[in-house]
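Peer 1: Submitted below is the structure of interest, expressed as structure tokens.
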Amino acid sequence: MEGNPLPRETRMLRVEFNHDGNGTLFVRLQGRLVGPYAEDARMTLARYPVPPTIVVDLSEVTFIDSLGEEVLLWLGRMGSEFVADNVYARSVCERLQLHISQKRLAHLSGTKSQVSL
């Protein structure tokens, strides 16, 4: 078998952006935060003006490589809070010393944008 044996949906990263109208940007990541997908996510996020509050939901991230960790550290330096509702995401946040939000996101409301990388 040639190429990547994983189905396409397990190799890609989906990024959703939501603005709540009160200065908070919600970013939901789904899938694998790896390699070129991680860099594309960083470049996409860099196009947004830095809002007062950024909340990054990692609850549906299945894997993060070293480039993905660099993106998370970059977001952390901007003061982002991270939602980590599973053991994997929480362990990554704790290891990288990222601020884990105590808020649970029932849903992301507001103006929504979505990008699949």
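The values are calculated or read from the model by the stated rules, or taken from the named source; none is laboratory data. Just so you know, these numbers come straight off a predicted model, no measurement behind them. FYI the Cβ positions are ideal-geometry reconstructions off the backbone, even for glycines, and counts take in every protein chain you see.
Peer 1: Suppose we filter region 51-74 for residues that are part of a helix (DSSP H, G or I) and closer than 14 Å to T24 by Cα; how many remain?
Peer 2: Residues in region 51-74 being part of a helix (DSSP H, G or I) and closer than 14 Å to T24 by Cα: 0 in total.
Peer 1: Any idea which residue in region 1-48 is modelled with the lowest pLDDT, counting only those that are farther than 16 Å from S80 by Cβ and β-branched (V, I, T)?
Peer 2: Applying the filter and picking the extreme gives T10.
Peer 1: Need pairs with beta-carbon distance below 8 Å; first residue of a type in the set (G, A, S) and within region 50-61, second surrounded by 20 or more Cβ atoms within 10 Å (Cβ to Cβ) and part of a loop (DSSP other than H, G, I, E, B); sequence gap 6+ or separate chains.
Peer 2: S59/A84
Peer 1: Here is a follow-up. Given the structure, is R95 more than 14 Å from L13 (Cβ to Cβ), assigned to a helix (DSSP H, G or I), free of Cβ contacts under 8 Å to residues at least 12 places away in the same chain and in contact with a strand residue (DSSP E or B) (Cβ under 9 Å, 6 or more places away or on another chain)?
Peer 2: Values: more than 14 Å from L13 (Cβ to Cβ): yes; assigned to a helix (DSSP H, G or I): yes; free of Cβ contacts under 8 Å to residues at least 12 places away in the same chain: yes; in contact with a strand residue (DSSP E or B) (Cβ under 9 Å, 6 or more places away or on another chain): no.
So R95 fails the test.
Peer 1: Another question about this same structure. Please verify whether region 32-39 includes one or more residues that are within 17 Å of L13 (Cβ to Cβ), surrounded by 19 or more Cβ atoms within 10 Å (Cβ to Cβ) and in contact with a Phe, Trp or Tyr (Cβ under 6 Å, 6 or more places away or on another chain).
Peer 2: yes
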